[in-house]
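Report on the following structure.
None of the figures in this text is laboratory data; all of them are computed from the coordinates on show. Since the structure is predicted, the reported quantities are computational estimates derived from the model, not experimental observations. Here the Cβ positions follow ideal geometry from the backbone for every residue, glycine too, while neighbour counts run over all protein chains shown.
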Amino acid sequence: AWGEDSATANTSGQSAPVDGEATPASTTNEERLTFNFRNQPWQDVLDWFAEQAGLSLHLEAPPPGTFNYRDSQSYTPAQALDVLNSVLLTKGYTLVRRERLLVLVNLEDGVPPNLVPDVPLEELDQRGEYELVRVLFPVWNMTPEQAAEEIQPILGPQGKVVTLPQARQIQV
C-alpha cells in the first residue's frame, strides 16, 4: 500500500524539500505519482521515489546535477520509474528494479547481469520502455541466429542477444 505523501512546490530555483506528490488514482486503489521538481538533488528524488514505490534503494553515488521535471500527468510507480529512467539515461545512469530492490547503475561501469530481472514474454507489456529486463523469445520462421542478427540494430547500448539454437529461442 502506498502512503499519501506530498511536499510544497518550490519555483524559486533553489533546492528545497522534495516536490514530488503522491495522489490517489480516480479509478483504482493504487495511488499515483505526480512529478513537480525544480533543482532537486538526485539523491532526494531517488529517495522520494523509492519510498513512494515501497522499494529499497541502493546506490554508490547519485548522478551529478539536479532533477527538473514538472508534469501535471499522474503516473503509476512503474510509469514513474520509466520517466526517471528516461532522464537518467541522458546522464549515463539507469535504475534497475529487481523484486523490492531498486539499484542505481552508472552505465559506464556496466550493468551487472544478475541485477537484470528475467521477465516472461506475456508480462513484457507491464514493464517500462526504459526499464532493463531480460526476455526469452521463441523463434519459429527463421533460425535463432537470423533473429539475433535482425534484432541487433534495434538494441539499446545495454542490449544483448543470446541465441539458443537447440531450443529455437533467443534471449534479449
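Protection proxy ranking of 137-146, 49-58, 109-118, 34-43, by the mean of other Cβ atoms within 10 Å over each peptide's residues and highest first, is 34-43, 49-58, 137-146, 109-118. Here the spin labels are modelled as points 7 Å beyond Cα on the Cα-Cβ line, and at Leu89 and Leu101 they lie 2.4 nm apart. The charge dipole of the stretch 75-172, taken about its Cα centre with unit charges on the Cβ atoms of Lys, Arg (+1), Asp and Glu (-1) only, comes to about 240 debye. Label positions at Asn141 and Asn68, each projected 7 Å from the Cα along the C-beta direction, are separated by 4.8 nm. Can you compute the modelled spin-label distance between Leu155 and Ala167, with each label point 7 Å from Cα toward Cβ, in nm? It is 1.6 nm. Divide the volume of the convex hull around the Cα atoms of the stretch 68-147 by the residue count and you get 139 Å³ per residue. Over the Cα atoms of the stretch 27-172, each weighted equally, I'd like the Debye log10 I(q)/I(0) at q = 0.15, 0.21, 0.22 Å⁻¹, rounded to two decimals. Scattering profile of the stretch 27-172, log10 relative to I(0): -0.82, -1.33, -1.43.
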